[in-house]
Amino acid sequence: MGVFGEDFDLKAFKDAYNTTEDMDAYNRVQSLERAMSRLQNFVAELAEAGAKLAQLPSDPNKARTSAVQQAFEALRDAGVINGALCRRLTRAQSARSRIEHGYVDVPAGDVHRTATLVHDAARDFIGRYRAWIGSYLSGREAGGA
């Protein structure tokens, strides 16, 4: 994000996103999109693995929602994350999927907003998740020894 300015400048990003001539700029956009996708996938995988490891219950009425959303909601229900962060993570997951599966139809502003959302939500998630999973794993190890 920093290659588009200290504050992730929207104009600089849009110019690079919409270029048809500057391949270096285009490649920076592609790199950002790939990094954003990988980060969101990492957060989703952590949520799913943690919910499974802790055997957190999921709402059977939500069987039609994605496994990732169910994991975020299970972590919310367990008090690992709050409702606001759960909604941000779910929005980030949906936005990432939209970009990944329909990239050519997604405006630069939407990609910019999604990158910011994924970055901020992941940062907030990792701290809470790490504290929770660390104490959970320490408790399991101590209980199993």
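The values are calculated or read from the model by the stated rules, or taken from the named source; none is laboratory data. Predicted model only: the values in this text are computed from it and were never measured. Positions of Cβ are backbone-derived with ideal geometry, glycine not excepted, and every protein chain shown enters the neighbour counts. For the accessible areas, the whole protein counts, side chains as well, though only heavy atoms, and no ligand, DNA or RNA atoms are used. Shrake-Rupley method; radii C 1.70, N 1.55, O 1.52, S 1.80 Å.
Quick notes on this structure:
- Qualifying residue in the stretch 98-109 (condition: aliphatic (A, V, I, L, M) and over 24 Å from Lys11 (Cβ atoms)): no
- Check on Ala74, at pLDDT 95 or above and within 16 Å of Ala35 (Cβ to Cβ): no
- The residues of the stretch 16-41 include none that are more than 15 Å from Glu100 (Cα to Cα) and under 15 Å from the mean Cα position of the chain (by Cα).
- When Gln69, Gln30 are screened for being closer than 18 Å to Arg113 by Cβ, polar (S, T, N, Q) and either open to solvent by 20 Å² or more (accessible area, probe 1.4 Å) or at pLDDT 95 or above (or both), only Gln30 passes.
- Meets criteria (surrounded by fewer than 21 Cβ atoms within 10 Å (Cβ to Cβ), without any contact (Cβ under 8 Å) to a residue 24 or more places away in the chain and among the hydrophobic types (A, V, I, L, M, F, W, C)) for Ala63: yes
Rundown of residues vs (1) closer than 30 Å to Phe4 by Cβ; (2) at pLDDT below 90; (3) in a helix (DSSP H, G or I); (4) among the charged types (D, E, K, R), yes/no style:
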| site | (1), (2), (3), (4) |
| --- | --- |
| Arg87 | yes, no, yes, yes |
| Ser94 | yes, no, yes, no |
| Ala115 | yes, no, yes, no |
| Asp120 | yes, no, yes, yes |
| Trp132 | no, no, yes, no |
| Tyr136 | no, yes, yes, no |
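- Considering residues of the stretch 42-60 that are under 14 Å from Ile126 (Cβ atoms) and in contact (Cβ under 8 Å) with a residue 40 or more places away in the chain only, the residue surrounded by the fewest Cβ atoms within 10 Å (Cβ to Cβ): Phe42
- Output for the stretch 76-110, where each listed residue is of a type in the set (Phe, Trp, Tyr) and surrounded by 14 or more Cβ atoms within 10 Å (Cβ to Cβ): none
- Qualifying residue in the stretch 101-109 (condition: within 20 Å of Asn41 (Cα to Cα), modelled with pLDDT of 95 or more and of a type in the set (A, V, I, L, M)): no
- Scanning the stretch 3-27 for residues that are hydroxyl-bearing (Ser, Thr, Tyr) and part of a helix (DSSP H, G or I), we see that the one that is least open to solvent (accessible area, probe 1.4 Å) is Tyr17.
- Which numbered condition Ile81 misses (of (1) over 29 Å from Tyr136 (Cβ atoms); (2) touching a residue at least 24 places away in the same chain (Cβ under 8 Å); (3) part of a loop (DSSP other than H, G, I, E, B)): (1)
- Of all residues in the stretch 44-71, those satisfying the criterion of being assigned to a helix (DSSP H, G or I) and polar (S, T, N, Q) are Asn61, Gln69, Gln70.
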